[in-house]
1. Does Asn580 meet the test of being surrounded by fewer than 20 Cβ atoms within 10 Å (Cβ to Cβ) and either over 25 Å from Arg532 (Cβ atoms) or of a type in the set (Ser, Thr, Tyr) (or both)?
2. Would you confirm, using the coordinates I've provided, whether Leu498 is of a type outside the set (S, T, N, Q), under 21 Å from Ile455 (Cβ atoms) and in the same structural domain as Pro672 (by TED's automatic domain parsing)?
3. In region 554-649, which helices (runs of 4 or more DSSP H) lie fully inside it and hold 3 or more residues that are closer than 27 Å to Ile516 by Cβ and over 14 Å from the mean Cα position of the chain (by Cα)?
4. Within region 694-715, identify whether any single residue is modelled with pLDDT of 80 or more, crowded, with 17+ Cβ neighbours inside 10 Å and not in a loop (DSSP other than H, G, I, E, B), and answer yes or no.
5. I need the full set of residues from region 326-358 which are over 17 Å from Glu433 (Cβ atoms), charged (D, E, K, R) and in a helix (DSSP H, G or I), in order please.
6. Looking at region 291-303, can you tell me whether even one residue there is surrounded by 13 or more Cβ atoms within 10 Å (Cβ to Cβ), farther than 30 Å from Arg104 by Cβ and more than 40 Å from the chain's Cα centre (by Cα)?
Amino acid sequence: MTSRNQIDELDKNSKAEEYSMQLIVEFLVAQGLNRTVEILKDEISSLGIKAVNQISTKKERILKNDVVILLNLIESSDHKKFFTSWESLIPQSIKELPECKKLRVYLHAYYATLPFRDNFQPFGQNSAILKEKNDEETTAGTSELIKNDSHLKQITNLNGTFVVEKPYQDKVPIIDEIDLIPSNDDDDDAKCETDSLEDESEYSKHKRHYANLSEDGHPSSAMNMFKTFLLEHGAEFSEEPEFLPYFALPFVENPKTHPTFVTIFQDDWVANLKSKLNQFLIKYSCGDSVIPEIVKICKQNMIKENEENIDVSNSYKDIKRKMHKLKRDHQKLVGVASELASALEKSVQGEGVELKSILFNCISIFPDLFPMHVSEEHQTWDQTGRDFLLKKQILHSDLDAHKIKNDLYNGSVKTQLLLLQALRWHITQSETEEREQYVVWLARHDVLNLRSKSISDFFSPSTNLHPLQQSVVRLLNAIASLNCGRDYIGSSTKTVDLLLEAMKSKNLDQTSENMIVATIQKLSLRKPLCERMIDQGMIDHLLNKLRMNSFNKYTLQYSTSMLMNLALNAPLSYWDRHANISSYMVDLLLNSDNEVSEFITVTLCCALRNEEVNKQCAREGLGIKIGQFYSKNKHNPTLGRQLDTLLKLHRREISPFSLHLGQNCEDELEDPGELDAEIDENDMVKGTICGDEFLEQYCLIFPKQGVVGRSNDRFSNVPVQTNTPAARLPRWATGK
């Protein structure tokens, strides 16, 4: 059995060697190293290796140096040099491809209309003189050409423009019957036969016309070349609807003013043509269809290696982040251990220890380690202890969560408003670390009852005044500004749904709308919540609001940012219903600040991956508008890079599937150092006692000081430890 396995292994290795030899031979043939191939075959035979019987036929492709030549020539106006190079540098087998033939039609149309474009610099001559000469001779030459063409059904002269109509079912090009004969060996220009003209003088005039058209640098010589091209190859394109207008192009006196050819003279059309030429040359120079198999394997391995390097880099960042977190946690644990060791030492020595005080000190050092569940039965402290507590800032651990929850839902409207305001100020007016601990405390005790149905009472317009609703959403906006706060709100799908429903309401005051939009935007950073918002039609709602331009500056920033987050996660088919997105999003882009422009640019990148949306945007001239906007914002690295990506995506210079827009990450967004000032601005809640002064009445009253003794139940009151995982935001939420 072992011997059989060894034989199979040898056979597999032999086949692998033969295949490898085939790949090597194919590569050498592709590089034109024919003598090397012959020597290799001899050496293969001498070594007893199975000979390569059939060498792969060399795949014709465009040389990389020739690609550079053609790309440089397309930027000049020398059409003769371009097409001469095209004929000599493009292999015949590639020129026979339909893709290549169609591209050449567009290239001829481009050069034929080049003299009529703005800022045209002719090759070697003065453009104004040449254009005047062309206008006179094109009309005369065209009239003579069409007079003898039996395949023309009708010619209508409209303001100097000739409209050519082909007979139905006539598959012959409209100028196919004109016989052209060379004048001599050195003259490649065409002329009409004598028997097609009325007399010798007309023949001479027509001969001079063609001679002038063919002069180097003459603006109409490119048009003459296009006529000749249609004579020779027009039958191949006569059944293609997209090319039919080009048959009339040589007969139009001034194509720039003709409505049929308006698109050709747009900058976006030229940019798109050059992009297609670039893609074509790259495809048949180093594309998978023309390169040797061994090169293809190497490219795939390089891509795979690059992806692995990216994964390694991301893993390194993740490990580094975790290491820093462990270091911070270690420092906190050292502080907790020191506090507990000090208490234990006093206990061993028989000294009394304030257990509650020690416990709260530990909580303030490491709040995530000690979830606080304080007994709801308390007795009154002596007034001295209370006065001492009120002299310092109130800590969240000093507050009676049960009493706050009770008054928040059962107290008077005035009490509710002042309590919501005080809780909010405790977040907005605290330091960053204290702010996080406070929000963790709110979540641990579910002070707002988000996990119950009670929260819906605040969003009921029939039973509550709008100041109460506004106070709630102000507080939710402050909470959602922190990672732990998004965890808290996101844990209640009921609250998220209520916010989404409230955002669609038409009865909101401006401040409430601002707070709700900002809160939902912050929640949209979480992918599960983002997908929930998409399912509930938030993209449609935002686009409608943006179309009506009904957002103020604060809401506009948050709504466009939210739209970007949703767009990054929306399926490609979702944009089928929004094909006209550019009609209003581009105007918004051009008239917004840089931050909003960045959000809109990323949103458009997401939408333009859809082919229908991209085609509609092309019809609306998106490329021209974005190109002009891009030229004004090159100085902005972030926005400039995004606009450049948007243009390339629109022109399909990059694949719609090459943008990793929906990729997740392990990195966390840092909590902001300062919260939005708008959260506290224009607050209608006023009271003689407010803020921390109002919260004094909710401070905990402990029954007695706890003393650590030596009894077996001395640790019975220590809360059970539970760990809360750190929040992790997806990479797409942090990238633009």
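The values are calculated or read from the model by the stated rules, or taken from the named source; none is laboratory data. Bear in mind the structure is a predicted one, so any value in this text is a computation, not a measurement. In this analysis, Cβ positions are derived from the backbone assuming ideal geometry, glycine residues included, and neighbour counts consider all displayed protein chains.
1. On the way: surrounded by fewer than 20 Cβ atoms within 10 Å (Cβ to Cβ): yes; either over 25 Å from Arg532 (Cβ atoms) or of a type in the set (Ser, Thr, Tyr) (or both): yes.
Criteria met by Asn580.
2. Against the criterion (of a type outside the set (S, T, N, Q), under 21 Å from Ile455 (Cβ atoms) and in the same structural domain as Pro672 (by TED's automatic domain parsing)), Leu498 qualifies.
3. Numbers: elements: 582-590, 594-607, 611-619, 622-632.
Output list reads 582-590, 594-607.
4. We begin by selecting, within region 694-715, every residue modelled with pLDDT of 80 or more; these are none.
Scanning region 694-715, I find no residue that is modelled with pLDDT of 80 or more, crowded, with 17+ Cβ neighbours inside 10 Å and not in a loop (DSSP other than H, G, I, E, B), so the answer is no.
5. Glu339, Glu345, Lys346, Lys356
6. No, that holds for no residue.
Results for (1) touching a residue at least 40 places away in the same chain (Cβ under 8 Å); (2) under 27 Å from Trp441 (Cα atoms); (3) out of contact with any strand residue (DSSP E or B) (no Cβ under 9 Å at 6 or more places or on another chain); (4) not β-branched (Val, Ile, Thr), shown as yes or no for each residue.
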| residue | (1), (2), (3), (4) |
| --- | --- |
| Thr493 | no, yes, yes, no |
| Asn507 | yes, no, yes, yes |
| Thr519 | yes, yes, yes, no |
| Ala567 | yes, no, yes, yes |
| Ala570 | no, no, yes, yes |
